[in-house]
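The values are calculated or read from the model by the stated rules, or taken from the named source; none is laboratory data. Bear in mind the structure is a predicted one, so any value in this text is a computation, not a measurement. With ideal geometry, Cβ positions are generated from the backbone for all residues, glycine too; neighbour counts draw on all protein chains shown. For the accessible areas, the whole protein counts, side chains as well, though only heavy atoms, and no ligand, DNA or RNA atoms are used. Shrake-Rupley method; radii C 1.70, N 1.55, O 1.52, S 1.80 Å.
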Amino acid sequence: MDAFAAPFNLLADRIERSMTERANTSPLTVLGIETSCDETAASVVRRHADGSGEILSNVVRSQLDLHAAYGGVVPEIAARAHVDLLDPAIKQAMADAGLGFEAIDGVAAAAGPGLIGGLIVGLTTAKAIALGLGKPFMAVNHLEAHALSAGLTDGLGFPYLLLLVSGGHTQLLIVKEVGAYERLGTTLDDALGEAFDKAAKLLGLPYPGGPEVERHAARGKPTIKLPRPMLGRPEPHFSLAGLKTALRHEAMKRAPLDPQTIDDLCASFQEAVADVVRDRTGRAMDIYQERLGADAQRALVVAGGVAANGRLTAALEDLAAARGFRLAVPPPALCTDNAAMIAWAGAERLARGLTDNLEAPARARWPLDPEAPPALGAGVKA
Ligand code: KG4
Ligand code: ZN
């Protein structure tokens, strides 16, 4: 933990100094690289002196077809594909931005958390470009990039409550400033996207399961009774493994499954997830207001691939309206893994003088809030 804590403590120390620097920063153009999972992505983003952001290019090469046959991401295949895809993606990002490398003020890469082989590919490439250009390098926490993307897409200032829901992560966090995060809740077992993927798999639907489940749910009725794990618990943690098991039992009872039953199972599962997400996020809103006081900006940001789910965002819209929170959901292309968010997080850090040296390691795990007490029964996911 200590090794993880150090960079964030440093960040916190530097924030105050950087806040004064921020006012007179000139525009910063940053190349960002993302290789933490199965998307090979490169993007150029400009951060203007007023703190607003502009995406100059955003290239994402998905490896989905390489992994689909295995029902999930195969780390070794992903790492090799990043080696093949990254250089052309960077060239494309520079060409789309209409810039030469001399126009770049800094280079950022996702340094974790993620699959270590892929991270090393992106990180090494970014370091080499930064070294060659003699420009600063930023090792970006992939979760921090998700957390900060609402600043780029919605111009949202700090603080805000973040619900981060992807294939690998399910967290509720207070985002106080760049580098200052307080984790309120996490999952004790599966991530939300992972639960969608597993639900789809057990119903015989292809990977990635989230969009499939949503598509089938739209044709079904939520008539099958499923549990709502953790509902009403004081700490805004999640647990999804039991819901998945209950879905398996209901599916087995009805086997062989006809198309209507599959649709109904999907609708019932999605409804249970929506209830859990609404309840857990509502609880996090209570804590957010307790911690920051009644005058703090009331804003909820939803990020990560699962934010593409219309039923979930509708449930969160209701909740936000009822609680007087502004809801910001970055567009789907910026919710799922992309390099614009990495470039933006890099630019935000560069504007505050938060650069890294070329020894910055790739990290399979890298919690945003190293101080957060471990959730009882929680697995090892960051
Ligand atoms: O953020 P992301 O692209 O990658 C990471 O996991 O970091 O998220 C992918 C996850 C997958 O588990 C996928 O099934 C889920 O997001 N997902 C969805 C939807 N679209 C993507 N889950 C539910 N409903 C969707 N429409
Ligand atoms: Zn992600």
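Taking the Cα centre of the stretch 193-281 as the origin, how large is its charge dipole in debye, to the nearest 20, when only Lys and Arg (+1) and Asp and Glu (-1) carry charge on their Cβ atoms? Don't skip to the end; give the middle numbers.
Details: 14 positive and 12 negative charges, 41 e Å.
Rounded to the nearest 20 debye, it is 200 debye.
For the chain, divide the Cα radius of gyration by the Kirkwood radius and give the resulting Rg/Rh value with two decimals. Write out the running numbers ahead of the final one.
Details: Rg = 20.5 Å, Rh = 21.1 Å.
Value, to two decimals: 0.97.
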Notebook entry, point to check: Mind checking the angle between helix 2-22 and the chain's longest principal axis? C-alpha axes, 0 to 90 degrees, to the nearest 10.
Noted result: 60 degrees
Notebook entry, point to check: Using a Gaussian network model of the chain with C-alpha springs under 10 Å, which one of T261, T29, T40 is most mobile by mean-square fluctuation?
Noted result: T261
Note to self: Quick check for me: using +1 on Lys/Arg Cβ and -1 on Asp/Glu Cβ, what's the dipole size of the chain about its Cα centre, in debye to the nearest 20?
What the structure shows: 580 debye
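In the neighborhood of E39, defined by Cβ-to-Cβ distances under 10 Å, what is the net charge if each Lys or Arg adds +1 and each Asp or Glu adds -1? Please list the in-between numbers first.
Working: positive: R61; negative: E34, D38, D337.
With Lys, Arg at +1 and Asp, Glu at -1, the net is -2.
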Next item on the list: Could you list the residues of the stretch 199-235 with an amide nitrogen less than 13 Å from a label point located 7 Å from the Cα of D275 in the Cα-to-C-beta direction?
Entry: 222-232
Checklist line | GNM top mover of R363, R215, R349 - the chain, alpha-carbon springs below 10 Å | finding: R215
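Classify the stretch 50-205 from the C-alpha gyration tensor, please: rounded if a/c falls under 1.5, else prolate or oblate depending on whether a/b exceeds b/c. Mind showing how you got there, number by number?
On the way: a/c = 1.99, a/b = 1.17, b/c = 1.70.
Oblate is the answer for the stretch 50-205, as a/c is 1.5 or above yet b/c matches or exceeds a/b.
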Margin query: Using only the heavy atoms of the protein chains and a 1.4 Å probe, how would R352, R323 rank by accessible area, largest first?
Written below: R323, R352
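Mind checking the per residue accessible area of the chain for me, 1.4 Å probe, whole number of Å²?
Numbers: 15280 Å² over 382 residues.
Heavy-atom SASA per residue in the chain reads 40 Å².
Within the accessible area of the stretch 221-285, what % is carbon and sulfur when the probe is 1.4 Å and the other protein chains stay in place?
On the way: 1600 of 2900 Å².
Percent of accessible area from carbon and sulfur atoms in the stretch 221-285: 55.
For the stretch 74-165, report the convex hull volume of the alpha-carbon atoms normalised per residue, in Å³, without decimals.
124 Å³
Between A180 and L64, what FRET efficiency follows from the Cβ-Cβ distance if R0 is 22 Å, with the result rounded to 0.05?
Numbers: r = 35 Å, r/R0 = 1.57.
With R0 = 22 Å, the Cβ-Cβ based efficiency is 0.05.
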Check: Given K201/K253; K91/K176; K221/K253; K176/K198; K176/K201; K198/K253, which pairs have Cα atoms separated by over 27 Å?
Finding: K91/K176; K176/K198; K176/K201
Margin query: Apply the a/c threshold of 1.5 to the C-alpha gyration tensor of the stretch 154-237 and tell me whether it is rounded, prolate or oblate.
Written below: prolate
Note to self: Solvent-accessible area of K221, probe 1.4 Å, all protein chains present, reported in Å² to the nearest ten, please.
What the structure shows: 130 Å²
Next item on the list: Give, rounded to the nearest 20 debye, the magnitude of the charge dipole that the stretch 230-295 has about its Cα centre when Lys and Arg contribute +1 at Cβ and Asp and Glu contribute -1 at Cβ.
Entry: 280 debye
Notebook entry, point to check: Can you give the calculated 222 nm mean residue ellipticity of the chain, where each DSSP H run of n ≥ 4 adds -39,500 (n - 2.57) and the sum is split over every residue, rounded to the nearest 500 deg cm²/dmol?
Noted result: -15000 deg cm²/dmol
Note to self: If the elastic network links every pair of Cα atoms under 10 Å, which of P75, P88, P259 fluctuates the most in the Gaussian network model of the chain?
What the structure shows: P259
Item checked: Separation of the A128 and Q297 label points, Cα + 7 Å toward Cβ, nm -> 3.9 nm
Note to self: Quick check on the stretch 175-313: take the gyration tensor over C-alpha atoms, sort the square-rooted eigenvalues as a ≥ b ≥ c, and tell me if it's rounded (a/c under 1.5), prolate or oblate.
What the structure shows: prolate
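What percent does the relative contact order of the chain come to when contacts are Cα pairs within less than 8 Å and at least six residues apart? Please list the in-between numbers first.
Working: 817 pairs, mean separation 93.4, N = 382.
Once normalised by length, the contact order is 24 percent.
Which percent of the accessible area of the stretch 73-155 is formed by carbon and sulfur heavy atoms (probe 1.4 angstrom)?
Working: 1780 of 2990 Å².
Summing carbon and sulfur atoms, their accessible area is 60 percent of the total for the stretch 73-155.
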